[in-house]
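**Q** Handing you a structure now.
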Amino acid sequence: MVHADASTFAAGVSKAEAYQQVIEQATALFDGQRNWVCNTANTASLLWHAFHSLQSPSNRVNWAGFYVLDKTVANQLILGPFHGKVACQTIAFGRGVCGTAAVSGESQLVPDVDHFPGHIACDGDSKSEIVVPMIKGGKVVAIIDIDCAVADGFDEEDRQYLQQLAELLAESCDWK
Ligand code: SME
């Protein structure tokens with residue numbers, strides 16, 4: 001199989017099946033590769049193509065990517081690989097949905113970003129958002145961030161599979 005085929009999702013698959021394919025393909029791609037840039041970049045591609053193979057609201061995802069710990073400034077996240085429009089470069093711990101997930105170590109499922117105090121609007125198109133932290137050795141090393149252009153874009157199924165993906169990434173990469 002050529003590498004690009006990993007991003008091909010059959011039409012009509014369920015959300016669970018799409019996530020299972022993401023996790024399966026990610027596991028295969030991470031075999032023999034522990035570089036975090038390489039692995040999060042490929043995962044952003046897998047997520048983007050998975051969401052866009054699904055029905056609404058999932059196919060309205062307008063941003064899918066990562067923020068990682070900024071090595072140069074304490075308690076700050078910095079933009080990592082993603083698909084979507086240009087985004088905020090840095091986010092302080094405690095700020096926005098991403099900073100809240102980084103501080104609490106808990107995933108944030110936001111059905112309507114207008115009702116999340118302090119939400120950072122990198123892209124005015126984003127109406128709902130899910131952020132899942134990656135934890136290694138008890139510390140947050142990065143977060144997965146997905147935005148959707150409609151409200152209620154995500155549910156508990158997304159949270160469950162993204163948490164599984166976050167655990168896989170946390171263990172499969174060297175976060176240096
Ligand atoms: N909305 C996020 C900022 C990052 S962008 O969505 C890519 C937040 O409130 O943390």
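**Q** Do you know which of the residues in the stretch 63-75 that are β-branched (Val, Ile, Thr) and over 25 Å from residue 46 (Cβ atoms) is farthest from the ligand (Cβ to nearest atom)?
**A** 72
**Q** Now for a separate question. Consider only pairs whose beta carbons are under 6 Å apart and that are at least six residues apart or on different chains; among these, list those whose first residue lies in the stretch 24-49 and is within 13 Å of residue 173 (Cβ to Cβ) and whose second residue is loosely packed, with under 12 Cβ neighbours inside 10 Å and not hydrophobic (A, V, I, L, M, F, W, C).
**A** That search, which allows pairs on different chains as well, returns 34/174.
**Q** Please work out which one of (1) within 7 Å of the ligand (Cβ to nearest atom); (2) assigned to a strand (DSSP E or B) is the condition residue 78 fails and give its number.
**A** Answer for residue 78: the failing condition is (1).
**Q** Inspect the stretch 57-67 for any residue being touching a residue at least 12 places away in the same chain (Cβ under 8 Å) and part of a loop (DSSP other than H, G, I, E, B) and give the result as yes or no.
**A** Checking the stretch 57-67: at least one residue is touching a residue at least 12 places away in the same chain (Cβ under 8 Å) and part of a loop (DSSP other than H, G, I, E, B).
**Q** Exactly one condition in (1) without any contact (Cβ under 8 Å) to a residue 12 or more places away in the chain; (2) in a loop (DSSP other than H, G, I, E, B); (3) not β-branched (Val, Ile, Thr) is false for residue 54; which is it?
**A** Going through (1) without any contact (Cβ under 8 Å) to a residue 12 or more places away in the chain; (2) in a loop (DSSP other than H, G, I, E, B); (3) not β-branched (Val, Ile, Thr) one by one, residue 54 breaks only (1).
**Q** Moving on to the next point. Cβ-Cβ under 7 Å, sequence separation 6+ or interchain: first residue in the stretch 117-131 and at positive phi, partner modelled with pLDDT of 95 or more. Which pairs?
**A** 118/95; 118/96
**Q** When residues of the stretch 111-142 are filtered for being hydrophobic (A, V, I, L, M, F, W, C), buried (at least 16 other Cβ atoms within 10 Å of the Cβ) and under 13 Å from residue 63 (Cβ atoms), how many remain?
**A** Residues in the stretch 111-142 being hydrophobic (A, V, I, L, M, F, W, C), buried (at least 16 other Cβ atoms within 10 Å of the Cβ) and under 13 Å from residue 63 (Cβ atoms): 5 in total.
**Q** While we're looking at this one, here's another question. Select from the stretch 117-138 the residues that are within 13 Å of residue 77 (Cα to Cα) and away from the ligand (no atom under 13 Å from the Cβ) and list them in ascending order.
**A** Listed by number, the list holds a single entry, 134.
**Q** For a quick check of your reading of the model, give me the residue pairs whose first member lies in the stretch 152-176 and is within 13 Å of residue 136 (Cα to Cα), whose second is of a type in the set (Phe, Trp, Tyr), with beta-carbon atoms closer than 6 Å and at least 6 apart or on different chains.
**A** Correct list of pairs: 172/30; 173/36; 175/36.
**Q** Of all residues in the stretch 93-116, how many are within 10 Å of the ligand (Cβ to nearest atom) and of a type outside the set (S, T, N, Q)?
**A** Going through the stretch 93-116 one residue at a time, the tally reaches 10.
For (1) surrounded by fewer than 15 Cβ atoms within 10 Å (Cβ to Cβ); (2) within 12 Å of the chain's Cα centre (by Cα); (3) closer than 20 Å to residue 135 by Cα, each residue gets a yes or a no:
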residue: 16; (1), (2), (3): yes, no, no
residue: 21; (1), (2), (3): no, no, no
residue: 25; (1), (2), (3): no, no, no
residue: 32; (1), (2), (3): yes, no, no
residue: 46; (1), (2), (3): no, yes, no
residue: 60; (1), (2), (3): no, no, no
residue: 77; (1), (2), (3): no, no, yes
residue: 97; (1), (2), (3): no, no, yes
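**Q** Is it true that some residue in the stretch 91-110 is over 24 Å from residue 138 (Cβ atoms) and out of contact with any Lys or Arg (no Cβ under 9 Å at 6 or more places or on another chain)?
**A** So far as the stretch 91-110 goes, yes, one or more of its residues are over 24 Å from residue 138 (Cβ atoms) and out of contact with any Lys or Arg (no Cβ under 9 Å at 6 or more places or on another chain).
The values are calculated or read from the model by the stated rules, or taken from the named source; none is laboratory data. Remember, it's a predicted structure, so these values are computed and weren't measured experimentally. Methodologically, a virtual Cβ is constructed for each residue, glycine included, from the backbone with ideal geometry; neighbour enumeration extends over all protein chains shown.
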